[in-house]
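Shown next, in structure tokens, is the structure this report addresses.
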Amino acid sequence: MQTNISLASHIGDYQFDNLLLNAAGVRCASTEELDKILDSDAGGCVTKSATPEPRKGNESPRMKATSMGCINSMGLPNHGLDYYLKFATEKQGNHGKQVILSVAGLSIDQNIEMLKKVQASSFSGLTELNLSCPNIAGKSQLGYDFEAVRDVLAATFKFFKKPLGLKLPPYFDFNQFDGIADVLNDFPITYINSINSIGNGLVVDPETESVVIKPKGGFGGLGGDYVKPTALANVRALRLRLKPEISIIGTGGIKSGKDVFEHVLCGADLVQIGTAFGFDGTPIFERISKELTELMAQKGYQTLADFRGKLKTI
Ligand code: RRO
């Protein structure tokens, strides 16, 4: 193994020895699961998106693996903000690993309430506001309503002085890339994380002639192979539009070192692994680090900056 190759990266002042993290929601709901990630080769962890109070989430079956990825409609099962805020405050920065605290209110008021609590706490890491949960019946994803995003950010930055990231839904039209970038560039956002799952897909089992998950009539968020090109498009399109101070976490369809390489070529500073981490568990961080290091060695790259954002067009 080449020892002169570095997978280190940073977001603002936060250093990560390895650019790989888990994606929020996958194997990160309990402190035991979070500790396992921190003990692995990952550069840090992100906590399951928190609501103000604990939630059981949607009815099961609520996640189904397929040969191309998975569909989920978990419905925000989590232990509540206090649980994750305590963990994140205790573990943030230990042994050089970052803990990102994810919050996902069911309303703008809940988001503001949670961010006020984070602001008042001694947590000194990155906070990620999830604007893109697709799985709450009757609630649309805030990230698709640009004026609502502007309103929530305007309200947030009146009091929130800690570094803030945003978890965004996938966008599919250049008007959407332009529209969300115009909003985000007006605020002191530290990073964006693209993409959350592709919302409201439908997997059908022809044998049973049925949907495969119970909530919302079978509709749920897609992850895995289904989403990689959409994720790469979002990372690339937003890197081309956002001011340089806003870093990008690339999430979507990563299961190999080559996939990470592609995300970084599109402009990702860090990457997160969701579906494949769900399948493989923490050994995935070592395997993908090794694959990426080998690929960089073949190409003569020593740091991520050597190729970050340098995707060629033809
Ligand atoms: O818990 C979920 O159903 C969930 C969330 Br909060 C999210 O942001 N993305 C997703 O695919 N599932």
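The values are calculated or read from the model by the stated rules, or taken from the named source; none is laboratory data. If you're wondering where the values come from, they're calculated on a predicted model, not measured in any experiment. Counting neighbours? That spans all protein chains shown, and the Cβs are built from the backbone with ideal geometry, glycine included. Surface areas here come from the heavy atoms of the whole protein model, side chains and all, with no ligands, DNA or RNA. Shrake-Rupley method; radii C 1.70, N 1.55, O 1.52, S 1.80 Å.
Within segment 161-222, the trypsin sites (Lys or Arg not before Pro) that combine a DSSP coil assignment with at most 15 other C-beta atoms in a 10 angstrom radius are Lys161. Near Thr190, once Lys and Arg are set to +1 and Asp and Glu to -1 for all other residues with Cβ below 10 Å from its Cβ, the sum equals -2.
In the chain, excluding the sites themselves, the longest stretch lacking any of the GluC sites (Glu not before Pro) that are in a DSSP loop with at most 12 other Cβ atoms within 10 Å is 60-206. Among rounded, prolate and oblate, which fits segment 54-125 when a ≥ b ≥ c are the square roots of the eigenvalues of its C-alpha gyration tensor, a/c under 1.5 means rounded, and a/b larger than b/c means prolate? In terms of gyration-tensor shape, oblate.
Applying a DSSP loop filter and a limit of 12 other Cβ atoms within 10 Å to the chymotrypsin sites (Phe, Trp or Tyr not before Pro) in segment 112-162 leaves Phe159. Here the chain exposes an accessible surface that is 52 percent carbon and sulfur, computed with a 1.4 Å probe and the other protein chains kept in place. Out of Thr89, Ala8, Leu76, whose Cα points farthest toward the positive end of the dipole of segment 1-115 (charges: +1 Lys, Arg; -1 Asp, Glu; placed on Cβ)? Towards the positive end, the residue furthest out is Leu76. Antiparallel beta bridges, as assigned by DSSP with both residues in the chain, represent about 40 percent of the total such bridges. Between Asn94, Asn111, Asn200, the GNM of the chain built on Cα springs shorter than 10 angstrom shows Asn94 fluctuating the most. Dipole orientation for the chain: of the candidates Phe172, Val235, Pro206, Val235 has the Cα lying most toward the positive pole (charges on Cβ; Lys, Arg +1; Asp, Glu -1). Look at the dipole of the chain built from charges on Cβ: of Ala29, Ser122, Met63, the Cα furthest out on the positive end belongs to Ser122. When its C-alpha radius of gyration is set against 2.2 N^0.38 Å (N residues), segment 127-223 gives a value of 1.27.
When the C-alpha to C-alpha distance is required to be over 30 Å, the pairs from Lys91/Lys255; Lys214/Lys258; Lys48/Lys158; Lys48/Lys290; Lys117/Lys243; Lys91/Lys214 that qualify are Lys214/Lys258; Lys91/Lys214.
Averaged per residue, the chain has 43 square angstrom of accessible surface, using a 1.4 angstrom probe with ligands and nucleic acids left out.
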